[in-house]
Every structure is written in C-alpha cells, then in structure tokens.
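Let me begin by presenting the structure, written as structure tokens, before commenting on it.
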Amino acid sequence: MIKRLALLAMRGAPFARLVSLLERWDSWRANMLAVLTYHRVDEVGARPYLSPSLLSATPAGFTAQMEYLARHHQVVAVQDVLAALREEKPLPPRAVLITFDDAYVDFAEHAWPVLRRLGLPVTVFVATAYPDHPERLFWWDRLYQAVSDPARSALDTPEGRIPLGSAGQRRRAFKRLREHVKTLDHDAAMAWIATVCGEPVPPPEPTVLGWDALRHLARQGVTLGAHTQTHPLINRVSLARAQAEALGSLEDLRREIGDVLPIFAYPSGGVDTQVAAQLALAGFALAFTTERGLNDLHTADPLRLRRINVGVQTPLAALRAQLVPATSALAAAVAP
Ligand SMILES: [Zn+2]
C-alpha cells in the first residue's frame, strides 16, 4: 500500500520538480557509478509468450530514458569502469553504465537502434547455452507459459493445486511460484519446472539473439559479457559448477565473438562471498549483482557491483531519483 502510494507520488509533477532540485544541488563526485539493468524493451503484450515481469520499458519509455541520460549524465562504457578501477582514469561525475541481461531479441529490435543513434555504450550479458537454441526457454518464461495457458484452469504442483480461473489468479500464481522456484537449489528448481510446466511449447520465433546477430552487434560496438551458460542461480550449485558455468560462458563468447572482457553478471543476482571469490580466482575483473544502489569505486567490491533494475512501471523521475546519491537508497526502496 505504502509502495503504491509512493509510486503514485513519483508519477506526479511535484516529485519531478523535487528530483530536479536534488539533481542540481547534490554533490556529484568522480568515481561514483550507477549501473542500470534492463532485460526487455518491447511494446506491452507484443510477445505474449514471454513473461511480462522482465519487461523493462516500452520503446517510447526507453527512448525518453536514454535521451535524458544522454543530456544529463555521462554514460560510460565498461572499459571506462575497468580503467577507473586500475586507477588510470577516474570516472566522470554522474557516470552511468547501461547493461542488458539475457540477450532477448528485442534488444536488437528496439534498444540498440536508440542507443546507437545517441552514441551511448551498452553491455549485454549472454547466457551462452541459449543463442541458436530456440527450443530452450528460460525457466521463468516456461512458468509463465504454463500459468497463462488458456487450456489450464489449475496447475498441479508438489505444494498443491493452484487455481488459474481468472487473470488475477494467474498473475498471483506466477508471482508466488516464481518466488518459490528461486528458493530451491538449482537442480531441484529445474526438476520442479519440468514436472509442473511440462514440455515447453516452442514460441513462434526465437526469444534470444543468435550468434550471428550477437557477432553483428559486437561489430557495431555492443560489449558482450558472460552470464553463465544455462542461467542457474550460481550460489545454489556447487562451487565447482559455478566456476564451470562462469568460465564456460566466457569461453563460449570468446569462441563465437573473439576478444571479450572478463566481466560477468550473476543470474538473478545469485551471489555469495565464496562465489565472488571464485570468480576473482578465475580471472574475472568485474561482476554485477542485482542488489540496488550506487557504487563508490573507491570502496566497492568490483566482483559485487550494485545495479538499479528498471521495470516497465518505473517512472522516469523514480529512475532519476535513484541516480542522485542523496536519494538513491530511499528511491530504491520504493521504486518498482
Ligand atoms: Zn539473466
């Protein structure tokens, strides 16, 4: 309820004016880095077979956000972040890094043309078992497919029968079951998905970019990074498997793309101290979590950088407030 009211307030003109004031008066410092996380940029309902929970923005909303960043912030490349960490060159004040996870096809269709037009660098994290395998769907898209299947009026799960009689029930079922799956160890989670959802129905077109498309984007200037091969929560598999997944995705990228940087994004933010230490040993220089907040590069752990997730419900003013150091934490607590 409080969150809903806060969200309503963030859509209003007074909040936007307040953010403008804060942006003007905040003490913007060098080496403070905001990292934005996007997943999908698409029209609402354009790909009804994919979970809308990962819709980050509509094409129009994304364009407005990027035009704002181009005018008021310094959008940096991941290479700039690496140089700042090596103390070669500090990041400018108002530094923002734009990242996309999972390499959904709509990145090439809607996001990249806008970024390219505005000259904004971007990094895309790829789960490398998915390109050129259109029959493989991410588990949350399989779950969404099952709960939105009009032929089903209920879903049998090991935890009981979940009714799917109305749109509201389907929405709540998806949310609840998605959170449940995230509490399981990875193998148990995938077994749960297979039992409950059955065989996935192949979507009408690939959901993830293929290697040819990724090579083409890399040639045009998109930075690609590792995101494991099969997208497990890597703090819910053995350490050996976590390392194999992380290094395997880096090797896949090197084989398919050529020279890539040792950078990583934790699938669904799954990370703990041991996993981060393992990645450092494996030679990764940077890794991104899903923990919200800004990074002060003087003190941040480069293997556990925070990011700010953007959702289709995030008003531009709420996004802006999260980029202002003084209000970032507060805005993050209520932003969708
Ligand atoms: Zn992901």
Please determine whether any residue of the range 168-177 is more than 25 Å from the chain's Cα centre (by Cα) and outside the structural domain of Arg236 (by TED's automatic domain parsing). yes
For the range 240-262, indicate whether the set of residues that are over 19 Å from Ala287 (Cβ atoms) and polar (S, T, N, Q) is non-empty. no
Please specify each residue of the range 258-272 satisfying the condition of being under 21 Å from the mean Cα position of the chain (by Cα), closer than 17 Å to Ala103 by Cβ and more than 16 Å from the ligand (Cβ to nearest atom). Val260, Leu261
Strands (runs of 3 or more DSSP E) enclosed by the range 121-196 - at least 1 residues per element that are under 20 Å from Arg40 (Cβ atoms) and in contact with a Ser or Thr (Cβ under 7 Å, 6 or more places away or on another chain): 123-126
When every residue in the range 113-144 that is away from the ligand (no atom under 16 Å from the Cβ) and at pLDDT below 95 is compared, the one farthest from Gly210 (Cα to Cα) is Glu135
Within 16 Å of the ligand (Cβ to nearest atom), modelled with pLDDT of 95 or more and within 30 Å of Gln145 (Cα to Cα), is that true of Val41? yes
Boolean, Arg236 is touching a helix residue (DSSP H, G or I) at 6+ places or on another chain (Cβ under 6 Å), within 25 Å of Ala103 (Cβ to Cβ) and of a type in the set (D, E, K, R): yes
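Okay, residues lined up against (1) among the aliphatic types (A, V, I, L, M); (2) at negative phi; (3) over 21 Å from the mean Cα position of the chain (by Cα):
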{"position": "Val81", "(1), (2), (3)": "yes, yes, no"}
{"position": "Pro93", "(1), (2), (3)": "no, yes, yes"}
{"position": "Asp101", "(1), (2), (3)": "no, yes, no"}
{"position": "Ala111", "(1), (2), (3)": "yes, yes, no"}
{"position": "Tyr130", "(1), (2), (3)": "no, yes, no"}
{"position": "Phe138", "(1), (2), (3)": "no, yes, no"}
{"position": "Leu143", "(1), (2), (3)": "yes, yes, no"}
{"position": "Ala151", "(1), (2), (3)": "yes, yes, yes"}
Given the criterion at pLDDT 90 or above and touching a strand residue (DSSP E or B) at 6+ places or on another chain (Cβ under 7 Å), identify the matching residue among Pro59, Pro48. Pro59
Looking only at the range 224-273, count every residue that is of a type in the set (Phe, Trp, Tyr) and without any contact (Cβ under 8 Å) to a residue 24 or more places away in the chain and tell me the total. 0
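The values are calculated or read from the model by the stated rules, or taken from the named source; none is laboratory data. All figures in this text were calculated on a predicted structure; none of them were measured in a lab. Ideal geometry is used to build each Cβ from the backbone, glycine not excepted, and the neighbour counts take in all protein chains shown.
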